[in-house]
Amino acid sequence: MKKETVLVTGGAGFIGGHLVEKLLQKYHIVVLDNLSTGTMMNLPESPHLDFVFGDVSQEEDVAQVFATYTFTYIFHLAAVASVAASIENPVETHRINMNGTIYLLHAAQQQAAHIQKFVFASSAAVYGSEPTLPKKESSIIAPITPYGIDKWASESYVITYSQLFGLKSSAARFFNVYGPRQNPTSPYSGVLSILTDCFQRVKAGDETANFTLYGDGSQVRDFVYVGDVVNALILLAESEESTSEVYNIASDQRHTLLEVIGMYETITGEKLPLTYQTARAGDIQKSYADIEKIKKLGFVVEDSLETGLRKYY
Ligand code: NAD
Ligand code: UD1
């Protein structure tokens with residue numbers, strides 16, 4: 001029997017690669033990616049995977065993909081995923097993160113009768129630093145960066161296309177995602193990728209390995225393992241009830257950065273050399289989510305921070 005076809009934009013990235021791996025168990029996958037931050041090494045070899053090198057912010061690239069395939073599900077993850085990059089280059093970020101979303105929605109709408117769900121990767125960045133916690137989907141939206149503004153605008157388009165044009169869609173606000181293949185090389189990489197890299201260097205006897213802790217370590221985050229994010233995305237795609245809705249994707253746990261470091265020291269059996277520096281400008285002191293809404297769809301968090309870190313390490 002012919003498998004149904006699924007589009008994953010940004011499929012060669014950190015989260016996209018994990019999503020593709022899982023979807024391949026059931027579907028034929030088309031990845032649209034320009035390899036700007038992604039790599040073919042994140043993608044498995046499979047006769048059920050077609051890689052299309054293309055740019056979501058080029059309307060003709062998007063149109064070409066939709067002229068070639070008919071999709072059952074679409075996961076839109078392609079984006080400039082770095083907040084720092086969005087501050088350095090707001091115009092270029094907007095072109096990719098906003099225009100890319102509209103081109104995809106516009107093309108997908110022509111296939112709306114066939115598409116079961118268009119799932120968009122949004123971010124906790126839409127909440128900005130407004131202090132009310134935990135963040136619910138109904139909490140105040142107050143993005144403080146070009147990245148957060150474009151995620152919020154894209155979400156609004158995604159839900160509006162669902163309501164106006166019948167293209168069934170959902171948006172997912174990821175909190176701090178971590179796991180294998182997250183790139184640790186930029187100072188703005190996710191803190192757990194930087195910590196993992198540091199612990200591995202300590203283990204290998206590298207005496208220069210040192211972790212810079214910005215602030216006093218009391219900042220709180222909701223770290224969600226990439227495998228749980230993949231499960232949540234597939235659940236949103238396959239659920240009828242999630243149509244036209246926005247969901248937090250997080251772990252139901254919160255930890256201070258010092259707790260995380262302590263937990264990682266226990267897991268690795270290594271002591272991490274630390275240097276303290278003043279907190280980063282604009283750093284959010286506490287960020288964590290209420291995930292009751294997605295739990296009502298049947299979402300279960302499989303990995304605690306401890307089990308997730310053990311797998312990652
Ligand atoms: P990533 O940088 O590893 O993946 C992004 C992918 O998109 C890469 O493969 C890249 O090559 C591709 N891409 C970028 N611009 C493109 C373009 N113009 N056309 C086609 N492909 C393009 O980042 P990630 O961490 O895997 O993030 C995936 C998605 O999740 C992004 O939308 C990001 O904003 C969102 N998100 C991530 C986190 C997190 O903690 N990692 C948190 C919130 C939201
Ligand atoms: C995350 C997202 C960002 C989003 C923001 C708000 C990532 C990589 N970033 O930022 O896109 O806008 O949530 O929702 O997922 N830290 C150190 N040392 C380091 C690196 C980081 O002490 O070497 C600290 C940071 O100052 C911060 C904490 O660790 O307090 C977490 O940092 P990071 O992983 O970059 O994520 P957020 O700042 O939460």
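Key figures for this structure:
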item: Cα-based reach from Lys286 at 15 Å (exclusive), listing aspartates and glutamates while leaving out same-chain residues under 8 positions away; result: Glu130, Asp216, Asp222, Asp252, Glu259
item: Share of carbon and sulfur in the accessible heavy-atom surface of the stretch 80-192 [1.4 Å probe, %]; result: 59
item: Euclidean distance of C-alpha centroids, the stretch 206-234 and the stretch 153-195, integer Å; result: 16
item: Inter-label distance, nm, simple model (7 Å from Cα along the C-beta direction), Ser46/Ser156; result: 3.6
item: Å² of accessible area per residue within the chain, as computed with a 1.4 Å probe and no ligands counted; result: 45
item: Cα gyration tensor shape for the chain, rounded if a/c is under 1.5, else prolate or oblate; result: prolate
item: Reach of Lys168 by Cα under 20 Å, taken over lysines that are not fewer than 8 positions away in the same chain; result: Lys117, Lys151, Lys293, Lys296
item: Label-point gap, in nm, between His114 and Thr266 - each point 7 angstrom along Cα→Cβ; result: 5.2
item: Residues with amide H under 5 Å from that of Ile249, placed H, sequence gap 5 or more; result: Arg173, Phe174, Phe175
item: Cα pair distances exceeding 12 angstrom across the stretch 27-75, given as percent; result: 66
item: The stretch 233-285: C-alpha gyration tensor shape, a/c 1.5 cut-off, then a/b vs b/c; result: oblate
item: Debye intensity ratio I(q)/I(0), log10, the stretch 191-260, q values 0.21 Å⁻¹ (C-alpha model); result: -0.95
item: In nm, spacing of pseudo-spin labels at Phe165 and Ser36 (7 Å Cα→C-beta vector); result: 2.2
item: Net charge, Val158 excluded, C-beta distance under 15 Å - Lys, Arg +1, Asp, Glu -1; result: 0
item: Under 13 Å, Cβ to Cβ, from Asp228 - net charge with Lys/Arg +1 and Asp/Glu -1; result: -1
item: Gyration tensor verdict on the stretch 13-124 (Cα atoms; rounded if a/c is under 1.5, prolate if a/b is larger than b/c, oblate otherwise); result: oblate
item: Flagged links, alpha-carbon separation over 25 Å, of Lys22/Lys203; Lys2/Lys295; Lys135/Lys295; result: Lys22/Lys203; Lys2/Lys295
item: Estimated FRET transfer efficiency when R0 is 35 angstrom, pair Ser138-Thr208 (beta carbons, to 0.05); result: 0.15
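The values are calculated or read from the model by the stated rules, or taken from the named source; none is laboratory data. These numbers come from a predicted model, not from an experiment. Note that we place each Cβ from the backbone using ideal geometry, even for glycine, and neighbour counts take in every protein chain shown. SASA here: full protein model, heavy atoms, side chains in, ligands and nucleic acids out. Shrake-Rupley method; radii C 1.70, N 1.55, O 1.52, S 1.80 Å.
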